[in-house]
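Here the structure is laid out as structure tokens; the discussion comes afterwards.
The values are calculated or read from the model by the stated rules, or taken from the named source; none is laboratory data. Remember, predicted model here, so these are calculated numbers, not experimental data. FYI the Cβ positions are ideal-geometry reconstructions off the backbone, even for glycines, and counts take in every protein chain you see.
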Amino acid sequence: MKIRLITSAVIAVSAVVCAASLVAQAAQQSSISESGRQVAINVQSGTNTSGIAEVTLIGPPTSQADIDDYSYTLPMQKGRIAGTLTNPWSGKTDVSVVMLGTKTIANATVTGTGPALTEQQLDLLPSYLMDSNIPTVAQQARAIASSVTTQGTSRNQAVADATMQWVKQHIQTVNQSQTARADRTLASGDGNQASQTALAVALLRADNIPAQTVQEQVTQDGMYGTSYSVQAWLDDKWLKVGTP
């Protein structure tokens, strides 16, 4: 089973914030617009909170996706949620910015234009868990890539190998009840296999290498479990590049 990006018709931005009484003021200071497939979000939550906001896309299944929701992350600095996201959909997209899952602070309808994205283009986009757009993740990806001296057609394979090796050497394996976002795993230096896989995929996507998480059911000593590995688009085909 491949865990990949899902497209949708409704975008909602959720952030864990306080001061809901400032919702009306925030709406006046917010804007959501689209040019082609690029959705520019500039939303003021009405607080001074900094952290990570979640952007959730919700809509009907399509030929590109077999489930109906998908989430991005965006940085939130002193209450402002700002960034540009790719809308994989063509046609009208209803956009709602929501605080605490209930307070709508901005609304817009945009129209995506252009041809459908390929599988490889979809697997370059950031996601909520594989948040390659978060600065700390992008910076680490650049640092890994800069250590690779291989050039030419073999460079992406070398970067993929170096990325998997970096995750194995720098991220300690611990038990977790849930998969953590890539930026959290990077900051803590530990995570379960799923969290480490999400980080590896995010690092590869930040280096402009399409990557996916592959989930497989395994049996050991009569017990069932799940194993996670990473595959990347290399030499015009999907190749398994490793398991954290």
- All-but-one check, S132 against (1) under 15 Å from the mean Cα position of the chain (by Cα); (2) part of a loop (DSSP other than H, G, I, E, B); (3) more than 29 Å from Q38 (Cα to Cα), failing number (3)
- Task: Those residues that are among the aliphatic types (A, V, I, L, M), under 27 Å from N192 (Cβ atoms) and part of a loop (DSSP other than H, G, I, E, B), I need them from segment 114-129; list them, please.
- Result: L124, L125, L129
- Query: Here is a list of conditions, (1) farther than 16 Å from I134 by Cβ; (2) exposed (fewer than 15 other Cβ atoms within 10 Å of the Cβ); (3) of a type outside the set (S, T, Y), and A232 meets all of them except one; can you say which number that is?
  - Reply: (2)
- Query: polar (S, T, N, Q) and modelled with pLDDT of 90 or more - does that describe any residue in segment 91-98?
  - Reply: no
- Contacts under 7 angstrom Cβ, first residue in segment 128-145 being over 19 Å from T213 (Cβ atoms), partner in a helix (DSSP H, G or I) and among the acidic types (D, E), 6 or more apart: T136/D183
- Under the condition of being part of a loop (DSSP other than H, G, I, E, B) and without any contact (Cβ under 8 Å) to a residue 12 or more places away in the chain, which residue from segment 216-238 is farthest from T163 (Cα to Cα)? G222
